[in-house]
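Student: Supplied in structure tokens, the structure appears directly below.
The values are calculated or read from the model by the stated rules, or taken from the named source; none is laboratory data. Worth saying up front: this structure is predicted, and the values here are computed from it rather than measured. A quick note on method: Cβ atoms are made from the backbone with ideal geometry, for glycine too, and the neighbour counts reach across all protein chains shown. All accessible areas refer to the heavy atoms of the entire protein, side chains included, with ligands and DNA or RNA removed. Shrake-Rupley method; radii C 1.70, N 1.55, O 1.52, S 1.80 Å.
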Amino acid sequence: MSVPSVDVAVVGAGPAGLAAALAAAEAGVVVALIDAGTRAGGQYWRSPAPGAGRFTPSTLHHSWRRFTDTTARLDRLADQRKLQRFAEHHVWSVERVDDRWAIHCLVGPEPRQHAGRPPVTIRARRLILATGAYDRQLPFPGWDLPGVMTAGGAQALLKGHLVVAGTTAVVAGTGPFLLPVAVGLARHGTRVRAVVEANTPLGFARSPRALLGVASKVGEATAYAAQLARHRVAVRHRHIVTRAVGTDRLTGVVIARLGRDGRPEARTERTVECDLLAVGWGFTPQLDLHLQVGCATRMDVDASLVVTVDDRQRTTVDGVWAAGESTGVGGADLASVEGEVAGRAAAGSLGVRPDPAALARLSRRRAALRRFAEVMHRVYPVPSGALDGLTDDTLLCRCEEVTVGSVRQAVDDLGATDPRTVKLLARPGMGWCQGRVCGFATVCLTTRHLRRPPAPEDLRAFAQRPIAAPTTLGQLALSPDDGDPGGTGG
């Protein structure tokens, strides 16, 4: 099928991408909304697969009405031919061709199911990247046991398939995201033994102004606390999982209290029996495409690498805007506001007259949400002792089976002076996930061993990928005419 050129291409159909596509299309320009998922919504508004069972949105989602209202408006725009949707389109590369952005996509529900379906290239005058983020993980002894998974993975199974990943669970790590994960599991029949939170929300008391204008966040937290109490879920603040227990599967976890120095106190260790550990240390922005096109980056408060944008969400690359977690992890509300700003700004660059009052309102809302996000990251940092218990045989990179000891050896014996060199010498981040799981941990472990803090260039070594989605050599070898019968292949 021929894919005509559009005015604005939006990559990602989560809260930021949906808001950007809606704002740009309603402004009057023609928009392409490109997403790898079968249905819109991203991870935040993930819908169950067909046949998964009875779905009650209120039990798993916040602001579901906003999602349905947005998609209904997008449907009307699609009927008016102001919007084209490209579901199950995995963007593996973006490049500038003449005066257009060429967005190269593989088509199919899963990366391994592209065979037999020709790739597609979508061309656009302007590009908005709203690619979201994925779970940030840190290794610990036993984290590779079956039954240990990311908090986002447990949530995705529940939202996408209405399936709980275990009968008895511990939810651990840090950050507000642990609360909806624990509540969702408890509501759907899992016995949640504890939420093991490395920090405490009392830190917000030092920055009360950050809560002004974000009353909904306080309401959400209060509601989650009430639901956890209703399900008799204990919340262990200032605690951490030091190791997972089991032989061929998870049977329990060892937790310990964190001292004032952020390190586990051995004398406080206790074992909690469980067959599921859902663990998360926040999120890592997905920057493959941003870095491909040359966007400048910076290190955010939470030590994430994020894209640099101005007050209109413009990146440092002409014709490219970014919105959502890629500009700083801050949640769905902030992502939606940034997406709307980016959509309006991209349309404005094509001659659409801006609405100053609307932009001023959005700017105020964005500022309040960004203040809250910054304080949230300061309240919920990765504790300084999170990597203290790593033995040399602890697995760091699952894909390449690289141990913690191999990284230390690369520094001590082979002279590596930065994470990129460690990657070349010991091969963490060289496997199937391309460093998405182990990259942040490798950076932290390497710089810790070198006795220096992580730097943006350390993070870029694991975030920069020339190919953003699993791609076969056969697909790469397709010529434009072979790959795109409509003549738009690139």
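Student: Grab the alpha carbons of the range 325-375, take their convex hull, and tell me the volume per residue in Å³.
Tutor: Details: hull volume 3.1 nm³, N = 51.
Cα convex hull per residue, to the nearest whole number: 61 Å³.
Student: Normalized C-alpha radius of gyration of the range 52-110, against 2.2 N^0.38 Å?
Tutor: Normalised Cα radius of gyration, the range 52-110: 1.58.
Student: Further question: Rounded to the nearest 5, what % of the DSSP beta bridges within the chain are antiparallel ones?
Tutor: Bridges in the chain that DSSP calls antiparallel: roughly 50 percent.
Student: Of the options 419, 213, 189, report the single residue whose Cα projects farthest towards the positive end of the charge dipole of the chain (beta-carbon charges: Lys, Arg +1; Asp, Glu -1).
Tutor: So the residue we want is 213.
Student: Against the longest principal axis of the chain, how steep is helix 215-230, in degrees 0 to 90 to the nearest 10, with axes from Cα atoms?
Tutor: With both axes taken from Cα atoms, the answer is about 50 degrees.
Student: Compute for the range 27-146: radius of gyration divided by Kirkwood radius, i.e. Rg/Rh, restricted to C-alpha atoms, rounded to two decimals.
Tutor: Looking at the range 27-146, the ratio lands at 1.02.
Student: Additional query: Normalized C-alpha radius of gyration of the range 186-241, against 2.2 N^0.38 Å?
Tutor: The range 186-241 yields a ratio of 1.30.
Student: Here's another thing I want to ask about it. State to the nearest 20 debye the size of the charge dipole of the range 173-273 about its Cα centre, where the only charges are +1 on K and R beta carbons and -1 on D and E beta carbons.
Tutor: 200 debye
Student: Measure nothing fancy, just the Cα-based angle from helix 439-449's long axis to the longest principal axis of the chain, in degrees from 0 to 90, nearest 10.
Tutor: 50 degrees
Student: Let me ask another. Provide the per residue accessible area, probe 1.4 Å, for the chain, rounded to a whole number of square angstrom.
Tutor: 44 Å²
Student: I'd like the orientation of helix 15-27 relative to the chain: the angle between its Cα long axis and the longest Cα principal axis, in ° from 0 to 90, rounded to 10.
Tutor: Between the helix axis and the principal axis of the chain, the angle is about 20 degrees.
Student: In whole Hz, what ³J(HN,Hα) sequence does the range 77-87 give by Karplus (6.51, -1.76, 1.60; θ = phi - 60°), x for Gly and Pro?
Tutor: Coupling constants for the range 77-87: 5, 5, 5, 8, 6, 8, 9, 10, 9, 10, 7 Hz.
Student: Hey, another quick one. At 222 nm, what value in deg cm²/dmol follows for the chain if DSSP H runs of at least 4 each add -39500 (n - 2.57) and the sum is divided by all its residues, to the nearest 500?
Tutor: -10000 deg cm²/dmol
Student: Rounded to the nearest 0.05, what FRET efficiency is calculated for residue 361 and residue 98 with R0 set to 30 Å and r the Cβ-Cβ distance?
Tutor: Details: r = 37 Å, r/R0 = 1.23.
Efficiency, from the Cβ-Cβ distance: 0.20.
Student: Go through 51, 429, 202 and say which Cα lies farthest out towards the positive end of the charge dipole of the chain; charges sit on Cβ, +1 for Lys and Arg, -1 for Asp and Glu.
Tutor: 202
Student: Taking amide H atoms as placed 1.01 Å from N in the peptide plane, list the residues 5 or more away in sequence, or in a different chain, whose amide H sits under 5 Å from that of residue 236.
Tutor: When sequence neighbours closer than 5 places are left aside, the close amide H contacts are 195, 196, 197.
Student: Carbon and sulfur atoms: what percent of the 1.4 Å accessible area of the chain do they account for?
Tutor: Whole-percent figure for carbon plus sulfur exposure: 51.
Student: Treating the range 89-208 as a set of equal point scatterers at the Cα positions, no solvent, please give the Debye-formula log₁₀ I(q)/I(0) at q = 0.15 Å⁻¹.
Tutor: Log10 of I(q)/I(0), two decimals: -0.87.
Student: Can you find, among 395, 356, 373, the residue farthest towards the positive end of the dipole of the range 312-432? Put +1 on the C-beta of Lys and Arg, -1 on that of Asp and Glu.
Tutor: Comparing the listed Cα positions along the dipole, 356 ranks first.
Student: In whole angstrom, and with the biggest value first, how far do the Cα coordinates of the range 359-490 range along each principal axis?
Tutor: 56, 49, 21
Student: Follow-up question, since we're still on this one. Counting only residues 5 or more places away or on other chains, whose amide H sits under 5 Å from the amide H of residue 143 once H atoms are built in the peptide plane?
Tutor: 244
Student: Please give, to one decimal in nm, the separation of the simple spin-label points placed at residue 59 and residue 476, each 7 Å out from Cα toward the Cβ.
Tutor: That separation, rounded to one decimal, is 4.6 nm.
Student: What value does the range 20-80 have for Rg/Rh, both radii from Cα atoms and Rh as Kirkwood defines it?
Tutor: 1.00
Student: Please compute the alpha carbon radius of gyration of the chain, then divide it by the globular-protein estimate 2.2 N^0.38 Å. Two decimals is fine.
Tutor: Numbers: Rg = 22.5 Å, N = 490, 2.2 N^0.38 = 23.2 Å.
Ratio of Cα Rg to 2.2 N^0.38 Å: 0.97.
Student: What net charge do the residues around residue 438 carry, taking every other residue with its C-beta under 15 Å from that of residue 438, with Lys and Arg at +1 and Asp and Glu at -1?
Tutor: Taking every Cβ under 15 Å from that of residue 438, the sum is +4.
Student: Can you list which of the trypsin sites (Lys or Arg not before Pro) found in the range 51-125 are DSSP loop residues with at most 10 other C-beta atoms within 10 Å? Can you show the working numbers first?
Tutor: Values: sites: 54, 65, 66, 73, 76, 81, 82, 85, 96, 100, 112, 123, 125; in loops: 54, 81, 82.
Hits after loop and neighbour filter: 54, 81.
Student: In what order, largest first, do 380, 44 sit by accessible area if the probe radius is 1.4 Å?
Tutor: 44, 380
Student: Which GluC sites (Glu not before Pro) does the range 370-407 hold that lie in a coil by DSSP with at most 15 other beta carbons within 10 Å?
Tutor: Values: sites: 374, 400, 401; in loops: 400, 401.
Here the sparse-neighbourhood loop sites are 401.
Student: Still on this structure: Counting only C-alpha contacts under 8 Å and six or more residues apart, can you give the relative contact order of the range 203-261 as a whole percent?
Tutor: Result for the range 203-261 is 21 percent.
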